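Input: a single structure, listed below in structure tokens.
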Amino acid sequence: MTLHRHICNRLLSTGLVSPHGLTTNSVRLVSSGIVRTRDPFFRDGISDVIDVRSPEEYKADHIPGAINLPVLSSEQFKIVGRLHWEGLEAQKEDGKVPLKARLFGAKFSLQSIINIIDSHFMDKPQSYSPLIYCKRGGLRSKSLATVLEEIGYPVVLLEGGYKTYRRKVIDDLSEIPLKFRYNVVTGSNKTGKSLIMRKLVDRGHQVLNFDKMIHYEDLFLSGDLMKMEKRSRYMETKLRDKLVTFDPSRPVWVKHQFWQSDLMKRLSSKYSLQTPSVIYKQMLKGKLFEVKVPLEEKVERLARHGYIDWMSDNLDSVKSFLDTHAQNMYDFRVLNLMNAHARNNRLKELLSCVLDEEHKHYKIMRKRWRKKHAKDANPLPQEFFVLESLTDDKIEEIVEKFESLAD
């Protein structure tokens, strides 16, 4: 029997297919030398972690350090899925196994595996040992693992696939954050919080910056909010990955908005981008450092960093923002003024107007938050700081004050 025919028979084996879906948990085959693990962080002798899911699934979230070698493309996965469910419906009537989905799945898989071997494995020694996973540890990961094991590579398969990893992340995020004390840096937009966090990192502090984990601001300004739908898991992966490197005996500095505008709250809730509740509750036991910066300095700093040039080069995106998201944020009179600034290319005035309105929202939400927590037994200790300018010297000075007042 040729290797190709042997692989086809193995891929079409009924033991590898669940009657309830495309994939099932790993099952040890009698002739298989594949090692199985339920530890997503198993790295003993592992050369690479290989994610065989589609590029779309990989981009949404993946095990840190994994490389993407898709066995099925996003389009192929949809085709096989559609054929599978059509086969299940037919199975209810005639009792036949949904063979067409498995045939197409095997065909697509074999075509992709040939390309994977050609592009990734031709220069690998026989000692090369990959840890392979797909969504549930099913057909996609098993198909590549089967071929590599037949070739002679020592293959490790993650049982349960990405789902196993995801459960580990959720479990860890319910426990690890409880080990730390938190100092929270807050303030309205463009008050130099990111500059402060970078300076804290430079001085050796442990820092969490949620904005950087999800590129929240970039997505919001570009209007590409649909990408936020798949950012929640990615954010939690980045968060867990960061927390496990921290020392529990030292405090953690967090950039966070306890009070957000109504729109931002709705967006973060809709796209599941809220701060994990266990961290939020721990932050309420910490200390709050609020930073304020004059409006003129905010605008001048953004102008110095080319923000107005960016607005000029992306004027269509700016107008799209005013026509969509801004409709839910501002009074119609303010919107008319902003649109007038945009039409007449008064971008500096437009930027000033946006930042001023954002700060008004910020003050309203801060007042509501304080009222909500006014009767707390241990109200959050708070320190206020005014930065007249956002120069490096001033940032250094305020960080030194933070350090002297922090726990």
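The values are calculated or read from the model by the stated rules, or taken from the named source; none is laboratory data. This one's a predicted model, so the numbers in the text were calculated from it and none came from an experiment. When we count neighbours, we look across all protein chains shown, and the Cβ atoms used for this are built from the backbone with ideal geometry, even at glycine. To get the accessible areas, we keep the full protein, side chains included, count just its heavy atoms, and leave off ligands, DNA and RNA. Shrake-Rupley method; radii C 1.70, N 1.55, O 1.52, S 1.80 Å.
Structural remarks
- Counting only residues that are of a type in the set (Gly, Ala, Ser) and crowded, with 24+ Cβ neighbours inside 10 Å, the range 109-131 holds 1 of them.
- The residue that is most open to solvent (accessible area, probe 1.4 Å), counting only those in the range 132-170 that are in a helix (DSSP H, G or I), under 30 Å from Pro248 (Cβ atoms) and in contact with a Phe, Trp or Tyr (Cβ under 9 Å, 6 or more places away or on another chain), is Lys168.
- Scanning the range 45-56 for residues that are at pLDDT 95 or above and surrounded by fewer than 20 Cβ atoms within 10 Å (Cβ to Cβ) yields Ile46, Ser47, Asp48.
- Residues of the range 283-301 that are more than 24 Å from Trp253 (Cβ to Cβ) and open to solvent by less than 20 Å² (accessible area, probe 1.4 Å): Val299 alone.
- Selection from the range 316-330 of residues that are closer than 17 Å to Ser352 by Cβ and either open to solvent by 60 Å² or more (accessible area, probe 1.4 Å) or in a helix (DSSP H, G or I) (or both): Val318, Phe321, Leu322, Ala326
- Taken as a whole, the condition of being within 25 Å of Leu195 (Cα to Cα), open to solvent by less than 60 Å² (accessible area, probe 1.4 Å) and of a type outside the set (Ser, Thr, Tyr) does not apply to His305.
- Listing of helices (runs of 4 or more DSSP H) fully contained in the range 171-278 that carry 1 or more residues being at pLDDT 65 or above and under 25 Å from Pro64 (Cα atoms): 193-202, 210-214, 232-243
- When residues in the range 367-400 are screened for being modelled with pLDDT of 85 or more and part of a helix (DSSP H, G or I), 9 of them pass.
Matching residues to (1) in contact with a Leu (Cβ under 6 Å, 6 or more places away or on another chain); (2) at positive phi; (3) of a type in the set (Ser, Thr, Tyr):
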{"residue": "Leu148", "(1), (2), (3)": "no, no, no"}
{"residue": "Gly160", "(1), (2), (3)": "no, yes, no"}
{"residue": "Ile170", "(1), (2), (3)": "no, no, no"}
{"residue": "Leu173", "(1), (2), (3)": "no, no, no"}
{"residue": "Ile176", "(1), (2), (3)": "yes, no, no"}
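- Residue within the range 173-184 that is closer than 30 Å to Glu300 by Cα and either open to solvent by 70 Å² or more (accessible area, probe 1.4 Å) or over 26 Å from the mean Cα position of the chain (by Cα) (or both) present: no
- Residue within the range 57-65 that is surrounded by 16 or more Cβ atoms within 10 Å (Cβ to Cβ) and modelled with pLDDT under 90 present: yes
- Every condition in (1) over 30 Å from His325 (Cβ atoms); (2) at pLDDT 80 or above is met by Leu355 except one, and the failing one is (1).
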